[in-house]
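Asks: Before I ask anything, let me first share the structure, which is written out below as structure tokens.
The values are calculated or read from the model by the stated rules, or taken from the named source; none is laboratory data. All of these numbers come straight from a predicted model, not from anything done at the bench. With ideal geometry, Cβ positions are generated from the backbone for all residues, glycine too; neighbour counts draw on all protein chains shown. All accessible areas refer to the heavy atoms of the entire protein, side chains included, with ligands and DNA or RNA removed. Shrake-Rupley method; radii C 1.70, N 1.55, O 1.52, S 1.80 Å.
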Amino acid sequence: MIIMLSLVIGFIFPNVAIGQSTQSRKCWAVIVACAMEPMSSTDAYYMYHVLSYHYVFDGIYYLDVRSAHFPANTSATKNNFRRAITTWLYENSDADDLVFIFLIGHGGGYNTVEGKLMGGRNDTDGDEGAEHLINGTWEGVDECIVFEVWVYDWTSDDYYYRYSEKYWDDELKADLDYLKENNKYGTLVFIRVGCAADGTQGCFNGGLIDDISAPNRIIMTASNETYVCWADLDGDGFSEWSEAFIDALHREDTYWNYSAYQIVHTFTEVDADSDADGRVSLYEAWEHAWNHDDARLRGMETPWFDDDGDGLPTFINGSDHLDYAQGDLAKQTYLDRRPPPSDPPHTPTTSGSTQGVVVYTPYTYYANATDPNGDNVQYKFVWGDGTLNVTGWYASNTNVSMQHTWTRPGLYNVSVRARDVYEAFSNWSSPLTVNITQNDAGKGQDAGDVWLDALSINPGSYTGGLYESNPTDHNDWYKFYVKNEEGISVYLTPPATSNFDLQLYNSTGHLKAGSYKSGAQTESIIYTADSTGNWSTRIFWVSGERQYSFSVSIFPPGGDGCPTLFVWNGTAYVDYGVIDIHNPTGEDVVREVSVNEEDVGVNDYSAKFRLREGWPGLAFSESIIDKVRLYVIVNGKPYLCPLLKATHSELGSVLPQLLLSDDWRVQMLLLEIVDLTFWVPYPTDQIQGYVFVIEGCNMLKP
């Protein structure tokens, strides 16, 4: 038989029927939650799920500190837990049983890192020996498990702390020995896990080993005798050791969804069957946890193990005493795996684009699987780039779709697997091999790596990509037609944590200007062309990689400029170029600029635009602005977005001057800026684009 004992706090568990063992050995589980930390309940729920759905148990006894929200047999108090051992297990188990105890919660002992008692006490019966030098005297220390007592208030649906009870190591030994003396198990497995979130809560799990170690007992603790074990470090909702250990038994990776209060299966298989016999022994699960415990790998906790009854490892005379010659019993101990209750779905059929696929563009892929039992089906899409997506549940033989965006070029194999509600898995689909190409300047290809192969573009705003390796792409060349004495403005915004630089070359391939700022700063070049022809800009790699944005603007020749429009996209301003409002007569000119929907970062129903007069290098520039407007395009129709703010870099607020077409205007001199904020009271998913309208005049034109 198997008896499993587990301490938990938590969330609502599903009602799962408990099967009966077909062997002479029966299986039992006790699940208990004794701490209020979230990981206590999520770890225990994960263990409950694995035992209930994937292994055969003849009964599960459940105690919970949050008994109002869980299908608990009773609340998780010290006395109730002791009765679960000495009464419930005593009445149900016999000499053939395997007792499996999983405890998660806080504890007490002696913290050698801080050199003080932390919830423990000086040894009361001399069984601990000389462990710690306390106030100049060698003392032994008793460890404990802490049971937190909370009271539920149904009016607020919340819990309020009352007090804590300590369950001492000597008491635990007496209760377990009571089972042994009455032949109530064949093998006992005791797993003790803590859930320290910040190092202030004690655990000291390994200190129980020298008390409860005995023949036919397998003991695993997530920490040693003198320090804590840690809760969730990687944000997946489980404490680190528990996650790795239960994954090994589950044979699949999961994470906890706090908003939905449920386990999410990732379809990522976990193979802890190191001897390839088709089963995972408790020792194989221990080994997997040792090798995949993120807290241990970071040097934050040290799990301990004992299965030969010698009381080791332990802490004595100020140091750890270890025992590496262990594992024989655990290598022969298995839980009885429950066979899937249904047939798996058939292998999914898949479809989707495999050619002409470019980076940073979403593409849709489709899958369909039939379940022979008519069960609902869930799908896992694996994209070949290290990412995956899992769908919701669909009826059998339903076409499902999933979008994906690749961020670097290459060949990727897209595969899909299905499973039914009973976690019966299909085979993987035949892979779709997708050829991803670069999409520099929206051309569906890589911009040239040398001057002669520069990619031809028109003035405007674009994106491109550079990659440090796989593939290596350190240079992108673009060419555009410029007339003699026209102004050239090139802006480059590298991706975060990258450093890309910018250069400008004339029509004969000679370097004319460059911008070489450090880090992910915006690079810019303003230059007046001294020849007519195809000029080129080179964007080149210094460090980092991925997508950049850039713009090229061409200005009319002469010594005077006009306002340049910039649009805030949520992270940076996008350069929409110079708006030509020249008119020597002094009459206002009305100009419209179409703005892409994706270039406008709407935040709290507002959008930011900017006007800058002229550009660096001009001797003089002056424009008079009378009115600005912004229209949003929804269902093909324009709707006005009211102007909320207009702030001049020198004059302050100029909102009244820009609201109406009248004689009250705003003067903009060289490099002066007007920041504009518009109200956008429309759902962003319905917006198709924008139109910016400016009314004003620049009288100087050569």
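Asks: Within the stretch 635-668, track down each residue that is in contact with a strand residue (DSSP E or B) (Cβ under 7 Å, 6 or more places away or on another chain), in a strand (DSSP E or B), open to solvent by 10 Å² or more (accessible area, probe 1.4 Å) and of a type outside the set (Gly, Ala, Ser).
Replies: Listed by number, the residues that qualify are PRO638, TYR639, LEU640, LEU643, LEU644, LYS645, THR647, GLN667.
Asks: Would you say TYR159 is surrounded by 15 or more Cβ atoms within 10 Å (Cβ to Cβ) and in a strand (DSSP E or B)?
Replies: yes
Asks: Report, by residue number, each residue of the stretch 589-609 that is assigned to a strand (DSSP E or B), surrounded by fewer than 21 Cβ atoms within 10 Å (Cβ to Cβ), touching a residue at least 40 places away in the same chain (Cβ under 8 Å) and of a type outside the set (Val, Ile, Thr).
Replies: Selection gives ARG591, GLU592, SER594, SER606, LYS608.
Asks: Considering GLU128, GLU148, which residue is more than 25 Å from LEU312 (Cβ to Cβ) and either of a type in the set (A, V, I, L, M, F, W, C) or in contact (Cβ under 8 Å) with a residue 24 or more places away in the chain (or both)?
Replies: GLU148
Asks: Among the residues that make up the stretch 33-51, is at least one of them under 17 Å from PHE100 (Cβ atoms), surrounded by fewer than 21 Cβ atoms within 10 Å (Cβ to Cβ) and modelled with pLDDT under 90?
Replies: Among the residues of the stretch 33-51, at least one is under 17 Å from PHE100 (Cβ atoms), surrounded by fewer than 21 Cβ atoms within 10 Å (Cβ to Cβ) and modelled with pLDDT under 90, which makes the answer yes.
Asks: Counting just the residues of the stretch 453-470 that are over 20 Å from GLU545 (Cα atoms) and polar (S, T, N, Q), which one comes out surrounded by the fewest Cβ atoms within 10 Å (Cβ to Cβ)?
Replies: By that ranking, first place goes to ASN458.
Asks: Which residue is nearest to THR493 (Cα to Cα), if the candidates are limited to the stretch 568-590 and must be at pLDDT below 90 and of a type in the set (D, E, K, R)?
Replies: In this case the residue turns out to be ASP575.
Asks: In addition: Quick one: in the stretch 52-76, of everything that is open to solvent by 10 Å² or more (accessible area, probe 1.4 Å) and of a type in the set (Ser, Thr, Tyr), which residue is nearest to the chain's Cα centre (by Cα)?
Replies: Among residues in the stretch 52-76 that are open to solvent by 10 Å² or more (accessible area, probe 1.4 Å) and of a type in the set (Ser, Thr, Tyr), the one nearest to the chain's Cα centre (by Cα) is TYR53.
Asks: Separate question: So which strands (runs of 3 or more DSSP E) are wholly in the stretch 280-324 and hold at least 1 residues that are buried (at least 23 other Cβ atoms within 10 Å of the Cβ) and at pLDDT below 95?
Replies: Answer list for the stretch 280-324: 314-316.
Asks: Can you name the number of the only condition in (1) more than 16 Å from ALA454 (Cβ to Cβ); (2) in contact with a strand residue (DSSP E or B) (Cβ under 7 Å, 6 or more places away or on another chain); (3) not hydrophobic (A, V, I, L, M, F, W, C) that ASN506 fails?
Replies: Every condition holds for ASN506 apart from (1).
Each row is one residue, and each column tells you yes or no for (1) touching a Cys at 6+ places or on another chain (Cβ under 9 Å); (2) among the charged types (D, E, K, R); (3) closer than 12 Å to LEU671 by Cα; (4) at pLDDT 95 or above.
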site	(1), (2), (3), (4)
PHE620	no, no, yes, no
LYS627	no, yes, no, yes
TYR631	yes, no, no, yes
CYS641	no, no, no, yes
ALA646	no, no, no, yes
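Asks: Output the number of residues of the stretch 124-156 satisfying the condition of being in a strand (DSSP E or B) and either open to solvent by 40 Å² or more (accessible area, probe 1.4 Å) or modelled with pLDDT of 90 or more (or both).
Replies: 16
Asks: Mind checking which strands (runs of 3 or more DSSP E) fall wholly inside the stretch 81-123 and carry at least 1 residues that are open to solvent by 10 Å² or more (accessible area, probe 1.4 Å)?
Replies: Counting at least 1 such residues, we get 107-111, 116-118.
Asks: Going by the structure shown, is LYS627 assigned to a strand (DSSP E or B) and open to solvent by 70 Å² or more (accessible area, probe 1.4 Å)?
Replies: So LYS627 does not fit the description; no.
Asks: Of all strands (runs of 3 or more DSSP E) completely enclosed by the stretch 355-462, which ones contain at least 2 residues that are of a type in the set (S, T, N, Q)?
Replies: By residue number, 363-368, 388-394, 400-404, 410-420, 432-437.
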